[in-house]
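Chemist: Have a look at this one before I ask anything.
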Amino acid sequence: MKNKILVAPSLLAADPLHFGRDLKEAEDLGADWHHFDVMDGHFVPNLTYGIPLVKALKAKSSIPLDVHIMVNNPDQVALDYVAAGADYLVFPIETVIHSHRLIHAIKEKGAKAGAAINPGTPLHSLEAILPYLDLINVMSVNPGFGGQKFIPESLTRIRQLKAMLKDLKRDKACLIEVDGGVNAETAASIVEAGADVLVAGTFFYGAKDKVAALNTLRGIG
């Protein structure tokens with residue numbers, strides 16, 4: 001039986017003046033998670049939102065909140081976002097210092113631990129922590145801005161990562177999330193490569209028919 005594909009609309013593409021409305025609409029239409037990007041203006045060339053908004057969103061949310069912190073100091077701030085309400089806390093492999101320690105600290109606080117990897121970072125950077133992660137976010141664009149074009153070579157990386165997890169018998173325990181350029185043209189090949197979770201910002205929040213967008217991402221219809 002084919003596993004259900006989880007869809008996590010990215011609030012980066014929602015209306016910042018109406019986050020509560022857009023969050024509720026996504027839930028009502030059947031989204032599985034909310035994806036929330038934190039950007040510090042240093043690790044990525046953009047500045048977005050922080051802890052107060054995570055707290056506000058968590059208070060209104062009835063589905064998991066997937067928080068991706070694109071920051072230079074994940075070791076120092078990750079647990080603050082868990083305390084604010086992150087159900088999944090995803091840190092960048094490129095800037096974390098004590099990844100093993102951080103993963104266990106996140107789990108001890110009751111959240112799932114994830115690592116994100118940028119397009120130019122070798123997959124072997126994740127090898128030592130694959131036995132402990134709950135999620136890996138494969139960035140299929142260079143992070144920092146929404147609406148970018150999918151990098152085709154990401155499909156090979158997803159397949160390789162899936163094989164690595166299968167070798168460890170962790171392909172069911174650790175989800176592969178793909179973030180960047182996910183739309184009607186790319187979703188099917190991303191899923192075929194091995195993705196479990198699709199992050200969609202512009203494609204979902206910019207759609208006139210959001211139910212159709214969700215169905216397209218899940219390969220329904």
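Chemist: Just one of (1) within 23 Å of Met139 (Cβ to Cβ); (2) not in a strand (DSSP E or B) trips up Met39, so point out which.
Modeler: (2)
Chemist: Search the range 21-78 for residues being touching a residue at least 24 places away in the same chain (Cβ under 8 Å) and of a type in the set (Lys, Arg), and hand back the single one that is nearest to Val96 (Cα to Cα).
Modeler: By that ranking, first place goes to Lys55.
Chemist: I'd like to know if the range 111-122 contains one or more residues that are over 22 Å from Val191 (Cα atoms) and either surrounded by fewer than 17 Cβ atoms within 10 Å (Cβ to Cβ) or β-branched (Val, Ile, Thr) (or both).
Modeler: No, the range 111-122 contains no residue that is over 22 Å from Val191 (Cα atoms) and either surrounded by fewer than 17 Cβ atoms within 10 Å (Cβ to Cβ) or β-branched (Val, Ile, Thr) (or both).
Chemist: Now, a different point. In the range 44-77, what residues are among the hydrophobic types (A, V, I, L, M, F, W, C), within 18 Å of Asp15 (Cα to Cα) and at pLDDT below 95?
Modeler: Matches in the range 44-77: Leu47 only.
Chemist: A further question follows. So which of Ala163, Ala207, Ala173, Ala184 ends up being touching a Ser or Thr at 6+ places or on another chain (Cβ under 8 Å), surrounded by fewer than 20 Cβ atoms within 10 Å (Cβ to Cβ) and either in a loop (DSSP other than H, G, I, E, B) or among the hydrophobic types (A, V, I, L, M, F, W, C) (or both)?
Modeler: Going through Ala163, Ala207, Ala173, Ala184 in turn, the sole match is Ala184.
Chemist: Then there is this: Of all residues in the range 134-152, how many are in a strand (DSSP E or B) and either touching a residue at least 60 places away in the same chain (Cβ under 8 Å) or among the acidic types (Asp, Glu) (or both)?
Modeler: Number of matching residues: 2.
The values are calculated or read from the model by the stated rules, or taken from the named source; none is laboratory data. Note that this is a predicted model, so its numbers are computed, not measured. As a convention, Cβ positions derive from the backbone with ideal geometry for all residues, glycine included, and neighbour counts pool all protein chains shown.
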